[in-house]
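The values are calculated or read from the model by the stated rules, or taken from the named source; none is laboratory data. Computed from a predicted structure; not experimentally measured. Positions of Cβ are generated from backbone atoms using ideal geometry, with glycine treated the same way; all protein chains shown enter the neighbour counts.
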Amino acid sequence: MRKILVTSALPYANGPIHIGHLVEYIQTDIWVRAQRLRGNRCVYICADDTHGTAIMIRANKEGITPEKLIADVREQHLASFTGMDIQFDNYGSTNASESYETCCEIWSALRKAGLVHEKKVSQLFDTQVGTFLADRFVKGTCPKCGAEDQYGDSCDKCGATYSPADLKNPVSALSGTTPEMREAEHLMVEIERLRPFLTEWTQNGGHLQPEIANYLAGHFLGDELRDWDISRPAPYFGFEIPDSPGNYWYVWFDAPIGYIGSTRVWCKRENEDWERWWKDPETEIHHFIGKDITYFHTLFWPAMLKTAGFNLPEKVHIHGMLTTNGEKMSKSKGTFIKADTYLKYLDPAYLRYYFASKLTNRVDDVDLNFADIREKVNSDLVGKLVNLASRTAKFVKELGTSSVYPEDSGLFEFGASQAEEIAQAYEECDFAKVTRLVMAIGDRANKFVEDSAPWALRKDPARQQELQDVCSIALNLYRQMVIYLSPILPKLAAQSAALLNENAESWTINDVKVPLCGTKVNEFSHLMNRMDEKAIDAMIEETREENKPEESQNEEVKSQWEDSAQPLEDEPLEEVCTIDDFCKVDLRVARIIMAEEVPEARKLLHLTLSLGGDVTKNVFAGIKSAYKPEDLVGRLVVCVANLQPRQMKFGLSEGMVCAAGPGGKDIFLLSPDSGAQPGQRIH
């Protein structure tokens, strides 16, 4: 028996759980249940991430204490997780005393190792709100690749990490204003001294997926690791650093320590020794996280654990992000769906099974396509799985299963032979493979039922033994499938075990190898409905309504827009054109890959635009008064791609970039929304 401690990343206590979060928690819950099915001792620990500026500001806005806010949100989160059949051994809070004690222990170890030093740091300050801005409360343009609308700590386009002060065109997410730079004394952790250890741990031992190990080697470990800014000055909601009054541990310091703090809470309740879980080499630690927080969990966190003498993770399982219908989750399109809204309309089994059918051991994004999920659920869960029981169980309620397992041409043996491969697929987080293997059993079982036609046998009194045998075979194959899928579908497993007079909690993977014979079959009750398209539409519509801004907000935005709009009489509309006229203009998304001044020209900058692949355009644009060349490289713009080339004395101009404004310094380049790619046509 293996002893395994499993964690998911801690959800932030500043908002509800939505379906994007659920990819990770469902994935983790399935893996934990699969380990228990194999007979291993596996404990699932999680907590709310409760510290930071955002919590403090929201609590002030609502007129309550931060402690009251995080307590209320924790109950909401737990209710959402419970509704989705996600079962934690302990769901704690990073604000617990056990977390503080562990923070102090790890901090003391970092101090003792000489890894902490002080440094004056220039940090963005929101003058309207009156607070320094945490990394995730600043957005701007990535200083490395030029991608816009990126957070203040890392770029989701190129993977670069940086300080919020490095962002171009920063904007406060709290007030929408441009923050100013202020200096403050910060405490830094020097992890460069641990680079040899981190290189060994990340590149060897199978602790990370190969693509993650390669990513770290190529982006971070080849160069000197930057110091980690571990503190934030007051005002801040969190733990004050004991040997540095007025400074607080940064949320990314105490958030992963919350794994240990929550374990300690569980150990107190269960009379366990927490050090046997975090300092005993016989215990395996497994973390499940999204790819957006790879940096913290694969460099900073192992560095902290190593220095303080804690167990290192046996594996960090990293998954991709959730998209819906091939796009980022969208509030306006009704795809930014809260877990609670989903649960009002749809069975949690649908989402659990669909995610499982998409999740592999690779770091691929998961796309939730509503037509696809409906087809998969109705075909696999209702058509292949539940129908096996619904078409046979009622015929043997009085008879029970056959006293000796009947001849079935190897069907049960085939299902039993899949046990090791399915168990290994669960171990490797290849849940998509699990669903394929189980549905292959279902295909054989359903063909057997169709060929045997128990509904016809039931009408012939002389063939009742044959009816009992056919139904016994079908129910045993159904039972195999449900046992295999029980980590994915725990509610259905419990219902099915009750039907077959068993207890799903006592099932192990080896039960698929032993058929039920001579046992009672209870009254069949409905197990699962087909997924209704109307329910999906209603859920999406409610989500749209939930995400509509308040009328007062609409009026405020409208007022702001009207105040800043150019009066129409100053620049009247052109004559009406036809759609054919408009279609003659080929507008394309382009990326500026080179920008330089034209010494002989007063207004022009020389730009090289990439339209994707090897296609580039040479453009001279009259924007010199408003933009510096170095600020333009990497930026996405709108290009008139089919403009007649014009020979100028400086060179050939092959297109035009689109801009608004009256001229002079009031020139504003048009930029596509985040996600657009060079070469895409603008319609």
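In region 45-52 there is no residue matching the filter, namely being surrounded by fewer than 20 Cβ atoms within 10 Å (Cβ to Cβ) and modelled with pLDDT of 95 or more. Cβ-Cβ distances below 7 Å connect the following pairs, each with a first residue in region 184-207 that is more than 21 Å from His317 (Cα to Cα), a second residue that is among the basic types (Lys, Arg) and modelled with pLDDT under 95, and a separation of six or more residues or different chains: Glu185/Lys120; His186/Lys119; Met188/Lys119.
Residue-wise test of (1) without any contact (Cβ under 8 Å) to a residue 40 or more places away in the chain; (2) among the β-branched types (Val, Ile, Thr); (3) on the phi > 0 side of the Ramachandran plot.
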residue: Gly410; (1), (2), (3): yes, no, yes
residue: Gln418; (1), (2), (3): no, no, no
residue: Ala425; (1), (2), (3): yes, no, no
residue: Cys429; (1), (2), (3): no, no, yes
residue: Asp443; (1), (2), (3): no, no, no
residue: Lys447; (1), (2), (3): yes, no, no
residue: Lys459; (1), (2), (3): yes, no, no
residue: Ser486; (1), (2), (3): no, no, no
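Of the residues making up region 634-666, those that are surrounded by 14 or more Cβ atoms within 10 Å (Cβ to Cβ) and either without any contact (Cβ under 8 Å) to a residue 40 or more places away in the chain or assigned by TED's automatic domain parsing to the domain that holds Cys155 (or both) number 5. Considering the conditions (1) at pLDDT 95 or above; (2) surrounded by fewer than 19 Cβ atoms within 10 Å (Cβ to Cβ), Leu115 is excluded by exactly one of them, (2). Just one of (1) buried (at least 20 other Cβ atoms within 10 Å of the Cβ); (2) under 20 Å from Asp254 (Cβ atoms); (3) of a type outside the set (Lys, Arg); (4) at pLDDT 95 or above fails for Tyr25. It is (2). Contact annotation: no residue pair with Cβ atoms under 6 Å, 6 or more positions apart or on different chains, pairs a residue in region 606-623 that is outside the structural domain of Val637 (by TED's automatic domain parsing) and surrounded by fewer than 19 Cβ atoms within 10 Å (Cβ to Cβ) with a partner that is hydrophobic (A, V, I, L, M, F, W, C) and modelled with pLDDT under 90.
Of the residues in region 57-74, at least one is closer than 21 Å to Ser93 by Cβ, modelled with pLDDT under 95 and touching a strand residue (DSSP E or B) at 6+ places or on another chain (Cβ under 8 Å). Gly383 - would you say it is small (Gly, Ala, Ser), surrounded by 19 or more Cβ atoms within 10 Å (Cβ to Cβ) and part of a helix (DSSP H, G or I)? When the stated conditions are applied, Gly383 does not pass them. Applying the condition of being surrounded by fewer than 18 Cβ atoms within 10 Å (Cβ to Cβ) and of a type in the set (Val, Ile, Thr) to region 561-597 and asking which residue is modelled with the lowest pLDDT yields Val576.
Going by the structure shown, is Ile373 β-branched (Val, Ile, Thr), touching a Phe, Trp or Tyr at 6+ places or on another chain (Cβ under 6 Å) and not assigned by TED's automatic domain parsing to the domain that holds Tyr25?
So Ile373 fits the description; yes.
Just one of (1) closer than 26 Å to Gln128 by Cβ; (2) touching a residue at least 12 places away in the same chain (Cβ under 8 Å); (3) not charged (D, E, K, R) fails for Thr178. It is (2). Per the listing Lys344, Lys333, Lys328, the residue uniquely under 13 Å from the mean Cα position of the chain (by Cα) and within 21 Å of Asp372 (Cα to Cα) is Lys328. Under the condition of being among the β-branched types (Val, Ile, Thr) and over 28 Å from Asp156 (Cβ atoms), the residues counted in region 626-683 number 2.
One residue stands out among those in region 1-18 that are among the aliphatic types (A, V, I, L, M) and farther than 26 Å from Ile57 by Cβ: the one that is nearest to the chain's Cα centre (by Cα), which is Val6.
Taking Arg33 as the residue in question, decide whether it is without any contact (Cβ under 8 Å) to a residue 60 or more places away in the chain and either surrounded by fewer than 24 Cβ atoms within 10 Å (Cβ to Cβ) or touching a Lys or Arg at 6+ places or on another chain (Cβ under 9 Å) (or both).
Details: without any contact (Cβ under 8 Å) to a residue 60 or more places away in the chain: no; either surrounded by fewer than 24 Cβ atoms within 10 Å (Cβ to Cβ) or touching a Lys or Arg at 6+ places or on another chain (Cβ under 9 Å) (or both): yes.
It is false that Arg33 is without any contact (Cβ under 8 Å) to a residue 60 or more places away in the chain and either surrounded by fewer than 24 Cβ atoms within 10 Å (Cβ to Cβ) or touching a Lys or Arg at 6+ places or on another chain (Cβ under 9 Å) (or both).
Annotation: Thr294 fulfils all but one of (1) farther than 26 Å from Asn214 by Cα; (2) crowded, with 19+ Cβ neighbours inside 10 Å; (3) among the polar types (S, T, N, Q); the unmet one is (1). Residue selection: Arg269 satisfies the criterion of being modelled with pLDDT of 95 or more, outside the structural domain of Thr131 (by TED's automatic domain parsing) and surrounded by fewer than 19 Cβ atoms within 10 Å (Cβ to Cβ). In the set Trp278, Trp274, Trp252, only one residue is touching a Lys or Arg at 6+ places or on another chain (Cβ under 8 Å) and either outside the structural domain of Ser93 (by TED's automatic domain parsing) or closer than 21 Å to Cys104 by Cβ (or both); that residue is Trp274. Scanning region 519-545 for residues that are of a type in the set (D, E, K, R), outside any loop (DSSP other than H, G, I, E, B) and in contact with a helix residue (DSSP H, G or I) (Cβ under 7 Å, 6 or more places away or on another chain) turns up Glu533, Glu542.
I'm trying to understand the selection: among the residues of region 206-221, which are in a loop (DSSP other than H, G, I, E, B) and either among the aliphatic types (A, V, I, L, M) or over 13 Å from Leu299 (Cβ atoms) (or both)?
Going through region 206-221, the residues in a loop (DSSP other than H, G, I, E, B) turn out to be 206-209.
Of everything in region 206-221, those that are in a loop (DSSP other than H, G, I, E, B) and either among the aliphatic types (A, V, I, L, M) or over 13 Å from Leu299 (Cβ atoms) (or both) turn out to be Gly206, Leu208, Gln209.
When restricted to residues that are touching a residue at least 12 places away in the same chain (Cβ under 8 Å) and more than 22 Å from the chain's Cα centre (by Cα), region 269-295 contains 10.
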